[in-house]
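For reference, the structure is listed below as structure tokens.
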Amino acid sequence: MLLPTSLVGSYPQPEWLIDRKKLAGRFPPRTRARELWRIAPEFLEEAQDDATILAIRDQERAGLDIITDGEIRRESYSNRFATALEGVDIDNPGTALDRSGHPNPVPRVVGKIRRKHPVEVRDVEFLRKHTDRMIKVTVPL
């Protein structure tokens, strides 16, 4: 394979899954933003799985060599990790100015940062189960 092809960035989440109007009216969330999802919490994981399979199949049909999960389960690139860490108070966020100078809720560090549980393992396992092509999952540093 001379030049492997892959999706760069997030795959668009379906309109039935996420409220794009709410998302468009703000900068990417740094704290949990459950209000963005259109699906009831008890059905959200299943709906995200369904949307991820659609993203995988679209990439395969497009002929991409390296398939991603599309980051379908993320409200934003960074909050998926920040909200999964011990030492971060997700119930009482802090405030910082966003790029436009407006206050924006941000994770507040209250203790030693530790990983409570694997953050992307299920996503990688799910992706591997649903494609036989080379895979990648984006991890913020």
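Assuming 0.890 mPa s and 25 °C, estimate D for the chain with Stokes-Einstein, Rh taken as the Kirkwood radius over Cα pairs, in µm²/s.
Details: Rh = 16.5 Å.
The Stokes-Einstein estimate is 149 µm²/s.
Please list the non-local residues whose amide H lies under 5 Å from the amide H of Val88, H modeled 1.01 Å from N, same-chain partners needing a gap of 5 or more.
Under 5 Å from the amide H of Val88 lie the amide H atoms of Val110, each far enough along the sequence or on another chain.
With a cap of 10 neighbouring Cβ atoms within 10 Å, and only residues DSSP puts in a loop, list the GluC sites (Glu not before Pro) found in the range 1-71. Could the numbers behind the result be given before it?
Values: sites: Glu15, Glu35, Glu42, Glu45, Glu46, Glu60, Glu71; in loops: Glu15, Glu71.
Passing sites in the range 1-71 are Glu15.
Could you list which residues have their amide H under 5 Å from that of Gly94, counting only those 5 or more apart in sequence or on another chain, with H placed in the peptide plane?
Under 5 Å from the amide H of Gly94: Val106, Arg108.
Working with all protein chains in place, sort Met134, Met1 by solvent-accessible area computed with a 1.4 Å probe, largest first.
Working: Met134 105, Met1 145 Å².
The ordering from most to least exposed comes out as Met1, Met134.
Through the Karplus equation 6.51 cos²θ - 1.76 cosθ + 1.60, θ set to phi - 60°, convert the phi angles of the range 98-107 into ³J(HN,Hα) values in whole Hz; use x for Gly and Pro.
So the J values, rounded to whole Hz, are 7, 4, 8, x, 9, x, 9, x, 9, x.
Restricting to DSSP H runs of at least four residues, report the calculated mean residue ellipticity at 222 nm for the chain, -39500 (n - 2.57) per run over all residues, nearest 500 deg cm²/dmol. Present the calculation step by step, with values, prior to reporting the outcome.
Details: 4 runs with 40 residues, N = 141.
It lands at -8500 deg cm²/dmol.
Can you spot the aspartates and glutamates whose alpha carbon is less than 12 Å from Lys21's alpha carbon? Ignore those fewer than 8 places along the same chain.
Within reach: Glu35.
All other residues with a Cβ under 13 Å from the Cβ of Asp132 taken together, and with Lys, Arg as +1 and Asp, Glu as -1, what is their net charge? Could the numbers behind the result be given before it?
Values: positive: Arg57, Arg128, Lys129, Arg133; negative: Glu60, Asp65.
Around Asp132, the charge tally is +2.
Run through the DSSP bridge list for the chain and note the antiparallel percent, rounded to the nearest 5. Intermediate results must be reported in sequence, preceding the final value.
Details: 9 of 13 bridges.
DSSP beta bridges in the chain are roughly 70 percent antiparallel.
Give the long-range amide H neighbours of Ile18: residues separated by 5 or more places, or on another chain, with amide H under 5 Å away, using H modelled in the peptide plane at 1.01 Å from N.
Arg38
Choose one of Ser10, Thr52, Gly25: the residue whose Cα lies farthest towards the positive end of the charge dipole of the range 1-66 (beta-carbon charges +1 Lys, Arg; -1 Asp, Glu; about the Cα centre).
Gly25
The values are calculated or read from the model by the stated rules, or taken from the named source; none is laboratory data. Computed from a predicted model, the values in this text were never measured in an experiment. Don't worry about glycine lacking a Cβ; one is built from the backbone with ideal geometry, like all the others, and counts go over all protein chains shown. Heavy atoms of the whole protein, side chains included, go into the accessibility calculation; ligands, DNA and RNA do not. Shrake-Rupley method; radii C 1.70, N 1.55, O 1.52, S 1.80 Å.
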